[in-house]
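Heads up, the thing below is written out as structure tokens.
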Amino acid sequence: MVLRRLGSLVALVVLAVLAGPLPAHAAQPTALTVTAGPAAFAGEDSSVAVRLTTGDGAGVPGATVQVERRIGGTWQPFTALTTDAQGAASAPVTLRRVAADNVLRARFAGTATHAGSQSTATQLLLKRRVSTVGLGAPATLVDGRAATLTIERVAGNGEQVPGTVRLDVRRPGGDWQRHSSVRLGSAGRTTVTVRPTTDTRWRVVAPRLDWVEADVSPTRFIDLLPSGEPVRLPADAPRPRISLPAQPRAVGEGPNAVVSRIPDGIWRNMVGRSWHRGCPVGRAGLRLVRVNYWSYSGWRRRGELVVAAGAADNVARAMSSLYRQDIPFRSIYRVDRFGWSDRLQGANDYKSMQAGNTSAFNCRSVVGRPGIRSPHATGRALDLNTWENPYHSADGWVPNRWWAYRSHGRVAWRSRSHPVVSTMAGQGFRWTYGVQDSQHFDLGSGSGRAVIDPRCVDVICD
């Protein structure tokens, strides 16, 4: 009996050994929370508070909690905190300018008695400061030169605000338009070079950022001044009877004379006005000369002359030389702009002269002599600054009598020593009729000799 009991006990011991040690007590689950402190400005401190609790809400004291901060999209270690008797801990946090860099979370690795846990991400709130964007610009600018704009953005606490701002421009009669996006460096300041071609208004629009409010700079006006010297006429001199709109601004540097064949659109405008059936020269024998010129107001403009193909180079050189001498012109519109004239059987040269316009080819009759073909019909003659340089026609002085016996150093010539007359002569142009038709210059009949009316030999035929 005793032996039987002893055997049973031995068996129980063997089974216990084979079964291994008794299981230990399981670690308690935990919960970790992160609470953001009050909102603050960038560069100032807020705070982060953590609390580690068990399932029944009791705090876990003496635990090490790792706090991480997301910077540039990557989680990075921020600080390690040890919980107090209530399982809580806190630390100051200096806020950054980018809201996404002010996100924190906490991790508890766990111990033998408490399981590990991790909090959700928590955003610390960033207050925005007011910001001021300034724009510096010259009040005036000479045409053709560049202006330097200075842009600076400053926060309400005096800190510079880097980042991208928008530079806007407004031209006369238009709305605000984006000129460019401008990057402000770390100093929150930069310069921009602009080349306006008219009076302009400028402003800078600074967007709202995570740490500063939006702002718009004061408007700056740049008054564009002509680069040439305006023409000064006598106070009692009559003004042209027809006013024309200013021609387009000059293209490129200097006179920039360009000779081309007649484009389709221009030819359509010429037909039935400055050209018609029966003219001594057709489209293939004509050329378009585009050239920059100084206007009476001092602005650089771009004009157009239609001339004979054989005269195009002479015209381009002559107009370029006059440009370089600062000789101004009222306008250089093609004469077809003025429509058809029944009296002239061509484009209306009366209106062209009444506007003071400079022109060349016009398949028409001589002004004041119906039926006699004008030298302009061959495209080898030019009429320059017609208002100040009248023509003594069969019907009297046109377009006015006032300027017939007066001269002007820049725009009205009454002798061969005037710069305009001598310049034109240097390019092969004759001042054919002198003071009786001071506006008129020609290269002679050239290839069109046979079609020049013989009645123009002894009379003035413009």
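The values are calculated or read from the model by the stated rules, or taken from the named source; none is laboratory data. These figures come from a predicted structure and were not determined experimentally. Glycine gets a Cβ as well: all are built from the backbone with ideal geometry, and neighbour counts include every protein chain shown. For the accessible areas, the whole protein counts, side chains as well, though only heavy atoms, and no ligand, DNA or RNA atoms are used. Shrake-Rupley method; radii C 1.70, N 1.55, O 1.52, S 1.80 Å.
Observations on the model:
- Kirkwood Rh (inverse of mean 1/r, distinct Cα pairs), segment 212-339, angstrom: 17.1 Å
- Estimated distance in nm for a label pair at Q123 and S407, the labels positioned 7 Å out from Cα along Cα-to-Cβ: 8.2 nm
- FRET efficiency estimate (nearest 0.05) - Cβ-Cβ, R171 to S422, R0 41 angstrom: 0.50
- Here the scattering of segment 273-338 is modelled by Debye summation over its C-alpha atoms, one equal scatterer each and no solvent; at q = 0.25 Å⁻¹ the log10 of I(q)/I(0) is -1.09.
- Projecting the Cα atoms of G272, L288, G55 onto the charge dipole of the chain (Cβ charges, centred on the Cα centre) puts G272 farthest toward the positive pole.
- Lys, Arg +1 and Asp, Glu -1 on Cβ, resulting dipole of the chain about Cα centre, debye, nearest 20: 1000 debye
- Just so you know, the averaged projected area of the alpha carbon convex hull for segment 40-127 sits at 5.7 nm².
- The loop-placed trypsin sites (Lys or Arg not before Pro) in segment 180-262, going by DSSP, that have at most 11 neighbouring Cβ atoms within 10 Å of their Cβ come out as R208, R232.
- Of the DSSP H helices in the chain, those with a Cα length along their own long axis of 24 Å or more and a mean Kyte-Doolittle hydropathy reaching 1.6 comprise 2-19.
- Two-decimal log10 I(q)/I(0) for segment 301-445, as the Debye equation yields it once each C-alpha is a single scatterer, q = 0.15, 0.18, 0.19 Å⁻¹: -0.67, -1.02, -1.15
- Protection proxy ranking of 370-383, 97-110, 75-88 - average other beta-carbon atoms within 10 Å, highest first: 370-383, 97-110, 75-88
- For the chain, the solvent-accessible area works out to 49 Å² per residue, with a probe of 1.4 Å and every protein chain left in place.
- Here segment 142-262 was treated as a single set of alpha-carbon atoms; its pair distances binned every 10 Å from 0 give 10, 30, 25, 18, 10, 6, 1 percent.
- The Kirkwood radius of the chain, taken over pairs of alpha-carbon atoms, gives through the Stokes-Einstein law at 37 °C and 0.692 mPa s a diffusion coefficient of 110 µm² s⁻¹.
- Radius of gyration and maximum dimension Dmax of segment 33-82, Cα, Å: 13.2, 39
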